[in-house]
Amino acid sequence: MNKEEFVAKYKVERHNTTSLKWDLLEQRFGDPDLLAMWVADMDFKTADSITEALANRVNHGVFGYSYVPQSYYDAYFKWMDERFSFPLKKEWIRYSTGVVAALYWFINAFTEPEDSVIILIPVYYPFHNAVRDCGRKLITCSLNYENGYFAIDYDRFEQAIIDSRAKLYIHCSPHNPAGRVWTEEEQAKLFEICKKHNVLIVSDEIHQDFTFDNHQHIPAAVVKGGNYRDRIITVNSASKTFNLAALIHSNIIITDDILREKYDRYIKTVNQTEFNTMGLTATEAGYTGGSEWLESLKNVIYSNYMYAKDTLHKELPEIIVTPLEGTYLMFMNLTKLVPPDKTKEFIQDRCRLAVDFGEWFGTDYKGYIRLNLATTPENVKIAISNIIREAKLLKEER
Ligand SMILES: Cc1ncc(COP(=O)(O)O)c(C=O)c1O
């Protein structure tokens, strides 16, 4: 399906549908009439295979106790093996009600109160919250930043681990909001440092299916032939891929027996219900019949990105756009256009946009914004043209 056909068929009005992104603008931004370009879900209906599978489940009318069928494993394992060369085994898999929930469980299962947990910033803000909420010490290590491109400073990472005696590193792969799809070499270098200092690795791979322009996602547990598996816990989900966030279903992969036993001992104390049947049904249907939908969606997202990047480059070269290797979230540095203290006023009050602000991802990133590109080309055009119009007016006013 081409981009136009995809947008025409799947775009959907989301106001008044209990959508956090569209209906909570007043509560979250103090203004109900902004164009919602923030939180990471999409303004498209999910794949037909998913709506059909859910409808069948609903029409049966019984929602009694359930179990994970073999067909779920078959669909998920095929997806992971064919796309990411990660053959899985049933006994390695656990479930969680969302990736963020799993992060909290991992922190509690694998570290002690007062232990340090390290993250590479800027990064998805629940990483920060999870560490703090669990009463652990949050250690942030900044990524290097050059002309919009983020990369790892290995020396800084190692020094931060040595100084803090960090026990756990939360890896975001692909990285939100830095847009990076980490290469095997980059990951191997990071994990070697973790190994040297006995740091466990939690790898959040929820954005695994959004990679562009020949960038290939390599699961942490596959890096260097699985060399670091004895310290890796992976969590992924079909929820970003197929727009299923509210069905709160994610997969946990723990290949190592000792880590898995430790996790199981912990999880028994906090969670007895492993999954929700609707989440499981949707996930299986996505992995079984959603490939074509996903390919068309990715074309729309990448074309939105190319449009936004090229137009801004031409009209407002002082805005630095971070290259989008992965995820559908475009990070932009506005500091050369607007003083960081005025970013919110500029973006919200003048451009009429609800975005994720850079400081949510790390204090040093005030003056940056993250735009969600999983929406119609029309919305992206409005967002970009509002920014250009207001930037020009701003310059005239100076
Ligand atoms: C890196 C990352 N992890 C986790 C999540 C959310 O996961 P969940 O909705 O399953 O809790 C997001 C959502 O944007 C994300 O970007």
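The values are calculated or read from the model by the stated rules, or taken from the named source; none is laboratory data. Just so it is clear, the structure is predicted and the values come from calculations on it, not from any experiment. Don't worry about glycine lacking a Cβ; one is built from the backbone with ideal geometry, like all the others, and counts go over all protein chains shown.
Observations on the structure shown:
- Spans of strands (runs of 3 or more DSSP E) in the range 187-296 with at least 2 residues of a type in the set (S, T, N, Q) and within 16 Å of the ligand (Cβ to nearest atom): 232-236, 250-253
- Selection of first residues in the range 263-289 that are in the same structural domain as G64 (by TED's automatic domain parsing) and of second residues that are among the charged types (D, E, K, R), restricted to Cβ pairs under 6 Å at least 6 apart or on distinct chains, gives the following pairs, ordered by first then second residue: T281/R57.
- Residue in the range 53-74 that is surrounded by 13 or more Cβ atoms within 10 Å (Cβ to Cβ), assigned to a loop (DSSP other than H, G, I, E, B) and β-branched (V, I, T) present: yes
- Top-ranked residue in the range 367-398 [being within 24 Å of the chain's Cα centre (by Cα) and among the small types (G, A, S); ranked as nearest to K342 (Cα to Cα)]: G367
- Per the conditions (1) surrounded by 15 or more Cβ atoms within 10 Å (Cβ to Cβ); (2) closer than 21 Å to C134 by Cα, the sole criterion not satisfied by D264 is (1).
- Given (1) under 25 Å from M330 (Cβ atoms); (2) away from the ligand (no atom under 16 Å from the Cβ); (3) touching a strand residue (DSSP E or B) at 6+ places or on another chain (Cβ under 8 Å), index of the condition T183 fails: (3)
- Check on K78, more than 16 Å from the ligand (Cβ to nearest atom), under 18 Å from R260 (Cα atoms) and surrounded by fewer than 16 Cβ atoms within 10 Å (Cβ to Cβ): no
Per-residue answers, yes or no, for (1) at pLDDT below 95; (2) aliphatic (A, V, I, L, M); (3) under 18 Å from the mean Cα position of the chain (by Cα):
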residue	(1), (2), (3)
V270	yes, yes, no
L280	no, yes, no
E292	no, no, no
L297	no, yes, yes
M306	no, yes, no
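- Verdict on W92 being under 30 Å from K298 (Cβ atoms), touching a strand residue (DSSP E or B) at 6+ places or on another chain (Cβ under 7 Å) and crowded, with 16+ Cβ neighbours inside 10 Å: yes
- Index of the failed condition, E396 passing every other in (1) touching a residue at least 60 places away in the same chain (Cβ under 8 Å); (2) over 17 Å from Y125 (Cβ atoms); (3) more than 16 Å from the ligand (Cβ to nearest atom): (1)
- Pairing each residue of the range 322-341 that is on the phi > 0 side of the Ramachandran plot with any residue that is assigned to a loop (DSSP other than H, G, I, E, B) and within 14 Å of the ligand (Cβ to nearest atom), provided the two are 6+ apart or on different chains, yields C-beta distances under 7 Å for T327/P174; T327/N176; T327/G179; T327/H207; T327/F210.
- If you filter the range 351-375 down to residues that are assigned to a helix (DSSP H, G or I) and not hydrophobic (A, V, I, L, M, F, W, C), you find that the one that is surrounded by the most Cβ atoms within 10 Å (Cβ to Cβ) is G358.
- Of the residues examined, T343 is not one that is buried (at least 17 other Cβ atoms within 10 Å of the Cβ) and in a loop (DSSP other than H, G, I, E, B).
- Among residues of the range 96-129 being of a type in the set (S, T, Y) and either crowded, with 22+ Cβ neighbours inside 10 Å or under 18 Å from I201 (Cβ atoms) (or both), the one that is nearest to the ligand (Cβ to nearest atom) is Y124.
- When the range 366-391 is filtered for residues that are over 23 Å from P177 (Cα atoms) and without any contact (Cβ under 8 Å) to a residue 40 or more places away in the chain, only R389 remains.
- Of all residues assigned to the range 31-50, none qualifies as being in contact with a Pro (Cβ under 9 Å, 6 or more places away or on another chain), β-branched (V, I, T) and assigned to a helix (DSSP H, G or I).
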